[in-house]
Every structure is written in C-alpha cells, then in structure tokens.
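Below is one structure, written out as structure tokens; comments come after it.
The values are calculated or read from the model by the stated rules, or taken from the named source; none is laboratory data. All of these numbers come straight from a predicted model, not from anything done at the bench. Every residue, glycine as well, gets a Cβ built from its backbone with ideal geometry; the counts of neighbours run over all protein chains shown.
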Ligand code: NAP
C-alpha cells in the first residue's frame, strides 16, 4: 500500500482518519491512502521562517551550489522514483519528463544562479540610474529575498517536476517552500521530498510537505508570502478569490489549464518536411503522459484544404499506439492518472460532441472503464468560427480537435480563441508566416514554438517547458509566469528602488559604483590574490603620449587603415572626429600596457570585457592614463575567482575617452 506522509516541522506524519483512498490507474483497485488532519498553520509557518533566515544567511551562489548538490543527489537515487512512477499511470518515457526533467531543472537553476546572479546577497536589476547632474545621487533597482514562505500547490500530472520547477527558484531566491502536491500522486512527490530531507543539504524547514488538505494555511498567509498554484482554472478561481488571501497581500501566481494550439503553416503541404514534423509532434503530444500535459496540443489548426490529409496521416500515426501496462518496457501509451480522471475526460469529450465529430479512436487495449486507460481520440470541428466549446473545454487526456483555417490571419485568430494559453506552435518554413502569426497571437500565448526542417533535429518539443524560457500564459492559462531563468527567481524576491549617494550604493550592493571612494594604495592590485582584493582598490596609472607614429604603426600592423586614422582631410570631414584619431583598440592595448603587472602573479588571465564605450576621440599628441578599480568579485573554482574591474581611460584634461568592465581570473592564496 502506498501511504505517503506529510513532512511538517521536521516530523513525518502518516495518513490518519482524514486520508483518502487512492485507486490504481492500472487496475482500478485501491493502491493506497493519502492525507492527514491539516497541520497547524502557525507551526508550519514558524518552522519555515526559521529556515528562511538560514537560507538568507547564504548568498545566491551558495544556494546555487546547494541546488547542484541536490540535483546530483537525486540523480544518483532516481531509481527510487522511477520504481513508483508506473503507479501514476506513466510509462518510463513519460516518467523521464517528470523525474529527469525535474532534476534537470534543478541543474539549470544551479547553473544560472552562478552565471547570472551575483556572488552575494543583493540582486541588481538593471544598471545605475543617473539621477543628478553631478553624480552624487544615483538610483539602483535591487531585489532581495522576501521574508515569507512559498506555498506551492501542484497538479497531479508532474509529481516530481511540478515540485522541483518551483522549489529551485524559491530556494535560489532564499525562500523556504511548503509543498502541497495533488493527493492522487502525492506518493511520488513524498518519495522525492524524503530524498531531499535525507540528503541533509538544505536547511531543515526549507521544504515541508502537506499530503492532503492544507487546512487554514492559505488563510494564514501574509504580505511576504507567495502562493504558486498549478492546476485547474476552477481551483485557481476558488483559491485566488478567498477573501483572507486577497486581504493578506500575499502574491498568487496561477498556472492553469489552457487550450493550446498547433498551427500547420500554409506552406506546409502534405509531403513537406514541416507536414511530417507536425504529424509527429501532434501524435507525441496526444499520447505523452496520456495527454495529461498542461501544454499538450488540444487544437490543431490546419489549412482547410489539408484537413483530410492531416486526419488521415495522424490517424495512421496514432493507430499503433495501444494503451498498455505503464511498467512494461515496450508500452508507449500509459494510463490516465486514475479511473476518475478517465471518467472526466470521457465526460468532456461528450460535451465537445456537439461541435466536433469523432474521426478517429484508437484500440482500447481491452481495458475497461474501471481503469485509467483510454485510447487516443481525434475530433474534427467543421465550424471553428461558430464553435465555442472546442476553444474552451479541456479534455485532459489523449484527445485533440482538428480544425481548418482559411488564411494565416484566420489561423492566428483561431489560436487566440483559446482566451489565453501556455503555448502555440507553428510548423512552417516561411519567415513571413512566422512573423505574422507571432505578432497577431503573441499577446495571447505565453510561448510560441516554431519548428521546421532547419531546427527539427534539435527542437525541444511543443510540450516541454524549459527552465530557461518562461512557462505560463495570459488569461485562461492563469496569467502566471514561471521558470524563465532568473525571471522565475524574482517571483520570490522584492524589487526595491534604492536612491542615494554612490558610496551608499556600493556598500549596499557589494559592487563598486562610480563616484564612490577609490582606495588608491600599494601594492598594485594585480599583485594580490583573490581574497585580498578589496572592492574599491584602485590603480591610477601614469600617462603615456599617443603619437601619429603609434597610430600608423598600429594601422599597418593590424591592417585597420580606416580613413579616420589615416587621412586627415577625410577624418576632419567626419562629424565624429577633429582630424586623424587613434584606433579605439589601440587605446585599449595601451591601457593594458599601462595597468599590466608583467611578472607571473595571481592574475591568471584576462577573460573579456563588458560594456565598452569609446566616448571621446584621441588625437596624436594626447596623453592617455587609466583608472582601474576593483568592482565585483565572484568565486569560481577552488583555484581562482573572477574579478571585474571598472576601467576608465582619460586624456590629459581628465576627460573620459573610454570606459569598460574588464574581467580577470585571479588565483586564490595557496
Ligand atoms: P486541481 O484539481 O485544480 O488540483 C490542483 C491542486 O490544487 C491539487 O494539489 C489539489 O489538491 C489542490 N486543491 C484543490 N482544491 C484545493 C483547495 N480548496 N485548497 C487548496 N488546494 C486545493 O487540478 P488537477 O486535477 O490536479 O490537475 C489537472 C489540471 O491542472 C489540468 O486542468 C491541467 O491543465 C492543469 N495543469 C496546469 C499546468 C500549468 O503549468 N499551467 C501544469 C499541470 C497541470 P488535491 O489533489 O488534494 O485536491
């Protein structure tokens, strides 16, 4: 028997009299029970708050390292999760989207956290805003972790991914999570939470689990809390309109069902590569997870004159896909999550029958209605303009409706009739079609997926939400936005506009802001190891003259004989130059020569430069000097870290001629 337990305030709580019987999707017989009396919200929240303090005691990179270690820990033990996976009705391949997909999402957030967030505890949103003429009063948007909890309510279809895709950004932000999975598949989420707890990697309380009803938790939330919900539009509406939640000021994010579409381009005739791709993708979307994917294609929008060809090709592709035991290696179409879910899908198909005629139904595999098995079903809607339900009713199973369009704008219009969806895809080789569809329908869709012969081998799939890209959609899809790299992390953070003198911004952000005090001192900062370099440590170099001979030699040596460097009259006629001027790259090279510390030392390499601007021309006879200030430090490996330097090049009149951020790798002290 499967008896998933809640994990509340450091203790495992078994099912009790409040438990619900859970039926097997394969046999229809009882396979477990789940749920216990709702935990005391105050107890849950206090425990989470303690963990929040521990998480905030670390920086983004520390938490990113924890996520990576956690991903590795789960990856090494994922067989435990795969062993339970068939009890959700999912095949091994379906399970990979859930289990490996979830672990992969942790890895991506771990990596993005270290590449795109600072090695500190303040996230900078955008650059410095100049709020004053003299530069003594500046603005910077920052983001810091919220002081609350992330309550994450998840749907039944992705018990592992559904949790990890929300947990990763919350932990990276520094916010503890209380996870409430769907009761039917809570046993798989519980197994994953057990591994997380056993790993000991996260501070105790960073993850708590409620199997069954959350009781009064939602009503007990406050303005620093976030509820991130995934599930049906109906439940989302119930939750988001709870008066206590509305009054609390907690943020509510919803990812709900949507009537996603796939459009076959007007150029993609039968026999074309794009037609073939459309059919393969459509068949995959109908059958993966037995169609129980929030992103699955529900509406297939195809050129009117190709409707018959699409139905024929798709039926042929679906015919061999017969439902079977999800635990068997060869099975390609598993079961819906429960007999009840099967009944729900059958009922929804019945409601669609008035507008869409069934044109294909696969072999049932001999399974009856007491199980979760359902064959793939294709409907055809002959009047998509007059229809309402095909754009509204989600049959959350292996069901899709084909409908014809007259022209490209009509295709976009039909896709938009879903009232807001997670994803619409387009199969076309015509860039003009892609632009038209995108501009006419992007406002209605969270993601637009375009595939054709060029991308076919590497395209990631219509239905796969990627951690790098936002997942969510407007209107009917819930209006939420998850994933999308750091965008997803910011849900759990507060953005604040900080205004003040440069030195204050440096102190707050940990990154040197121009205008702050410079600490010009010995030794040369390139003589210092990573840990000994202080933010603000500045080098001011002596000046060197830039001569006409230097410019000509550089031109001859590099081949850059652009007239602005070589022809006095032509250069003077150019609105940017007073006459012949030095190459910008010559100035950068001279700058390197001015600030270099030539002997072997802690600086290992110059790995790049950012945000280079040439601000003023340099003429022969001008004298160039450089100010170099340690701006930002980022730990990279055991051996070295990255130091970003704010480099400014000046002329003899101390006018700024160029500015950039120089990146170096600097060794740690032995
Ligand atoms: P659901 O019935 O709306 O349930 C979703 C979650 O809400 C479950 O954990 C459920 O717990 C919980 N819940 C229900 N009533 C609640 C209440 N009053 N207070 C607190 N929690 C409550 O949806 P589902 O049947 O699990 O999932 C299928 C739907 O989710 C489909 O429509 C699908 O399109 C959608 N979905 C959307 C996305 C997306 O990212 N947009 C992803 C996956 C699925 P119990 O199980 O205990 O009732």
Seminar exercise, completed: Of 222, 271, 276, the only residue that is out of contact with any strand residue (DSSP E or B) (no Cβ under 8 Å at 6 or more places or on another chain), more than 16 Å from the ligand (Cβ to nearest atom) and on the phi > 0 side of the Ramachandran plot is 271
For this session: Give region 238-258 a look and list any residue that's farther than 27 Å from residue 465 by Cα and more than 10 Å from the ligand (Cβ to nearest atom), or say none.
Result: 241, 243, 244, 245, 246, 247, 248, 249
Exercise. Right, residue 172: away from the ligand (no atom under 11 Å from the Cβ), assigned by TED's automatic domain parsing to the domain that holds residue 52 and over 21 Å from residue 478 (Cβ atoms) or not?
Worked result: yes
Problem set entry | Qualifying residue in region 314-332 (condition: within 30 Å of residue 255 (Cα to Cα), outside any loop (DSSP other than H, G, I, E, B) and either in the same structural domain as residue 395 (by TED's automatic domain parsing) or away from the ligand (no atom under 16 Å from the Cβ) (or both)) | yes
Problem set entry | Selected residue (criterion: farthest from the ligand (Cβ to nearest atom)) from residues of region 33-62 that are touching a helix residue (DSSP H, G or I) at 6+ places or on another chain (Cβ under 6 Å) and more than 22 Å from residue 9 (Cβ to Cβ) | 61
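Out of the residues in region 225-237 that are more than 8 Å from the ligand (Cβ to nearest atom) and touching a residue at least 12 places away in the same chain (Cβ under 8 Å), which is nearest to residue 447 (Cα to Cα)?
Residues of region 225-237 that are more than 8 Å from the ligand (Cβ to nearest atom), as a first pass: 225-228, 237.
If we keep only those that are touching a residue at least 12 places away in the same chain (Cβ under 8 Å) too, we end up with 225-228.
Working: 225: 27, 226: 23, 227: 22, 228: 19 Å.
For region 225-237, the residue satisfying everything is 228.
Hey, among 202, 217, which residue is within 15 Å of the ligand (Cβ to nearest atom) and more than 22 Å from residue 475 (Cα to Cα)? Show your work before the answer.
Numbers: 202 fails: within 15 Å of the ligand (Cβ to nearest atom).
Being within 15 Å of the ligand (Cβ to nearest atom) and more than 22 Å from residue 475 (Cα to Cα) holds for just one of 202, 217, which is 217.
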For this session: May I ask you to list the residues in region 433-453 that are farther than 17 Å from residue 302 by Cα and in contact with a helix residue (DSSP H, G or I) (Cβ under 9 Å, 6 or more places away or on another chain)?
Result: 439, 443, 444, 445, 446, 453
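Being part of a helix (DSSP H, G or I), in the same structural domain as residue 423 (by TED's automatic domain parsing) and buried (at least 19 other Cβ atoms within 10 Å of the Cβ) narrows it down to one of 295, 287, so name that one. Even if it seems obvious, please write down each step before you answer.
Values: 295 fails: part of a helix (DSSP H, G or I).
The conditions single out 287.
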Problem set entry | Boolean, residue 183 is near the ligand (Cβ under 9 Å from one of its atoms) and over 30 Å from residue 121 (Cα atoms) | yes
For this session: Counting only residues that are in contact (Cβ under 8 Å) with a residue 40 or more places away in the chain and more than 29 Å from residue 666 (Cβ to Cβ), give me the helices (runs of 4 or more DSSP H) lying completely in region 531-645 with at least 1 of them.
Result: 548-558
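Name the single residue, out of those in region 486-500 being surrounded by 20 or more Cβ atoms within 10 Å (Cβ to Cβ) and either in contact with a strand residue (DSSP E or B) (Cβ under 7 Å, 6 or more places away or on another chain) or at pLDDT below 95 (or both), that is nearest to residue 225 (Cα to Cα). Give the steps one after another, and end with the answer.
Going through region 486-500, the residues surrounded by 20 or more Cβ atoms within 10 Å (Cβ to Cβ) turn out to be 486, 488-489, 491-493.
Within this subset, residues satisfying the condition of being either in contact with a strand residue (DSSP E or B) (Cβ under 7 Å, 6 or more places away or on another chain) or at pLDDT below 95 (or both) are 488, 491-493.
Values: 488: 15, 491: 10, 492: 8, 493: 10 Å.
Among them, the one singled out is 492.
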For this session: Take region 448-481 and flag every residue that is surrounded by 21 or more Cβ atoms within 10 Å (Cβ to Cβ) and within 11 Å of the ligand (Cβ to nearest atom).
Result: 463, 465, 471, 472, 473, 477, 478, 480
Exercise. Out of region 136-169, which residues are in a strand (DSSP E or B) and within 10 Å of the ligand (Cβ to nearest atom)?
Worked result: 151, 152, 153
